[in-house]
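Enquirer: Sharing a structure here in structure tokens format.
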Amino acid sequence: MRNRLVLTALFTAAAGCLAACDPATGSAARTPSAAPASSTVPSAPATPTASASPDGKVTADAKATVPDFVGMGLQAAQDKAQENGFYGLTSHDSLGRDRMQAFDRNWKVCSQNVKAGTSASTGTTLDFGSVKLDETCPTREQAAPTAAGGKMPDFRGKSVKAARAALDSGTSITVNDASAEDRWVLMESNWKVCTQNPAAGTALKGQPVTFTAVKFGEDCT
């Protein structure tokens, strides 16, 4: 009886050993590990898109014929330019007074920087020289004055605003009414210089500048 118990125990132990061992190698069986995760493939870079006009039409490298805008109202000229694919638009005062074209319908086109009939890229900026509706276009564009070479320009007849813009921003400027009315010079683009100190041609060294002025349409006294 005792011998049977011993044999039974030995048989059970041997069976357990065989179950735990690899039949081919005799080594302990191992659970296969999970396959390594595949590496992430970098995505392709985004393809650049061509620029488009406000209505969604592609305008890159497009060309169009520049219309004749002279004589048109400024707002109408801008609308026509956009109809032809030109969206880079700007304008300036043809009289050199440095006035802003705040209400485009109150201005008319006197000149354009790209000749009418020219085939140009629609990325070209069109610049319209303009005057107010009740004004006459000048025979030549009147450029705003500049302090070239560090010399005091001749500002007589120029707008006070244009004169101020031509001088260094740190210049101290005093503007007095040239008439006997002692008016305040508020909208400087509507006033023209009558006299100036220093005189034209004087070297600019940061000295204060004084102007007397009257409104356009008035005579300097």
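The values are calculated or read from the model by the stated rules, or taken from the named source; none is laboratory data. Note that the structure is a prediction, hence the values are computed from the model and not measured. Neighbour counts are summed over all protein chains in view; Cβ atoms, including those assigned to glycine, are modelled from backbone coordinates with ideal geometry. For the accessible areas, the whole protein counts, side chains as well, though only heavy atoms, and no ligand, DNA or RNA atoms are used. Shrake-Rupley method; radii C 1.70, N 1.55, O 1.52, S 1.80 Å.
Enquirer: Would you check if Val193 is touching a Lys or Arg at 6+ places or on another chain (Cβ under 7 Å), of a type outside the set (D, E, K, R) and open to solvent by less than 30 Å² (accessible area, probe 1.4 Å)?
Expert: Taking the combined requirement at face value, the residue satisfies it.
Enquirer: Taking Glu181 as the residue in question, decide whether it is open to solvent by 60 Å² or more (accessible area, probe 1.4 Å) and either more than 24 Å from Ala102 (Cβ to Cβ) or among the aliphatic types (A, V, I, L, M) (or both).
Expert: yes
Enquirer: Let me ask something else about it. Counting only residues that are closer than 24 Å to Phe216 by Cβ and open to solvent by less than 30 Å² (accessible area, probe 1.4 Å), how many does region 74-90 have?
Expert: 1
Enquirer: Moving on to the next point. Quick check on region 212-221. Is at least one of its residues within 17 Å of Gly157 (Cβ to Cβ), touching a residue at least 24 places away in the same chain (Cβ under 8 Å), assigned to a loop (DSSP other than H, G, I, E, B) and open to solvent by 70 Å² or more (accessible area, probe 1.4 Å)?
Expert: Yes, that holds for at least one residue.
Enquirer: Restricting to region 145-172, and then to whatever is hydroxyl-bearing (Ser, Thr, Tyr) and in contact with a strand residue (DSSP E or B) (Cβ under 8 Å, 6 or more places away or on another chain), can you tell me which residue is nearest to Leu186 (Cα to Cα)?
Expert: Only one residue tops the list, namely Ser159.
Conditions tested, residue by residue: (1) under 21 Å from Lys158 (Cα atoms); (2) touching a strand residue (DSSP E or B) at 6+ places or on another chain (Cβ under 8 Å); (3) open to solvent by 40 Å² or more (accessible area, probe 1.4 Å).
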site	(1), (2), (3)
Asp98	yes, yes, yes
Trp107	yes, yes, no
Leu133	yes, yes, yes
Ala143	yes, no, yes
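Enquirer: Next question. Take the residues of region 109-131 that are open to solvent by 60 Å² or more (accessible area, probe 1.4 Å) and among the hydroxyl-bearing types (Ser, Thr, Tyr): which is farthest from the chain's Cα centre (by Cα)?
Expert: Among those residues, the one meeting the criterion is Ser119.
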